[in-house]
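The next block holds one structure in the form of structure tokens; read it before the comments.
Coordinate-derived values only; no laboratory data. The structure displayed is predicted, hence computed values, not measured ones. Glycine gets a Cβ as well: all are built from the backbone with ideal geometry, and neighbour counts include every protein chain shown.
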Amino acid sequence: MLTIQRASRASHIPSDRRLRAWASAVLPKGSEVTVRYVAEAEGRRLNREYRHKDYATNVLSFPYEAPRGRVKGDLVICAPVVAREAREQGKAIEAHHAHLLLHGLLHLAGYDHEREADARRMERRERAILAKLGFPDPY
């Protein structure tokens with residue numbers, strides 16, 4: 001189940017239908033994830049509180065223990081940061097939303113990018129899923 005919360009009034013946030021379609025490319029059946037779109041102030045507060053970094057970041061992942069083969073957790077996506085990054089990187093905003101949603105979901109599923117080998121593995125998975133969804137390579 002994917003629950004979507006919109007605490008940001010940004011008009012560029014994809015529809016629930018699109019978000020669910022993208023998430024279904026990653027999430028196994030029986031998963032429980034809440035995605036919360038936030039404005040910059042809330043994104044900054046959460047990043048400061050949980051990561052001790054005083055700025056709004058694009059996506060925060062909060063995994064919870066889940067039965068084997070399932071994903072459980074919360075994602076916080078900062079809508080203004082997504083829009084700014086898409087502009088700065090010359091990407092379509094919808095493609096950047098899809099990438100960051102999938103990126104966060106993969107974190108919830110146990111992927112990480114702290115070590116170079118892990119980053120390559122995660123990026124390969126992101127590229128493959130995004131290609132299946134019709135989006136270009138985000139890297």
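Here are some notes:
- In terms of packing, defined here as the mean over residues of other Cβ atoms within 10 angstrom, the peptides 4-16, 25-37 line up highest first as 25-37, 4-16.
- Charge dipole (Cα centre; +1 on Lys/Arg Cβ, -1 on Asp/Glu Cβ; no other charges) of segment 19-139 amounts to roughly 300 debye.
- If you take all other residues with their beta carbon under 15 Å from the beta carbon of Ala128, and give Lys and Arg +1 and Asp and Glu -1, the sum is +3.
- Net charge contributed by nearby residues that have their C-beta within less than 14 Å of Asp137 (K/R +1, D/E -1): +4
- For the pair Asp137 and Arg17, a Förster radius of 25 Å applied to the C-beta separation gives a FRET efficiency near 0.55, rounded to the nearest 0.05.
- Dipole axis of segment 62-128 (+1 Lys, Arg; -1 Asp, Glu on Cβ), positive-most option in His99, Ala79, Gln89: His99
- Highest average first, the peptides 104-112, 68-76, 52-60 ordered by how many other beta carbon atoms sit within 10 Å of their residues are 104-112, 68-76, 52-60.
- Local charge for Arg18 was computed over the other residues whose Cβ lies under 14 Å away, with Lys and Arg +1 and Asp and Glu -1, and equals +1.
- The value for segment 42-94 of Rg(Cα) / (2.2 N^0.38 Å) is 1.37.
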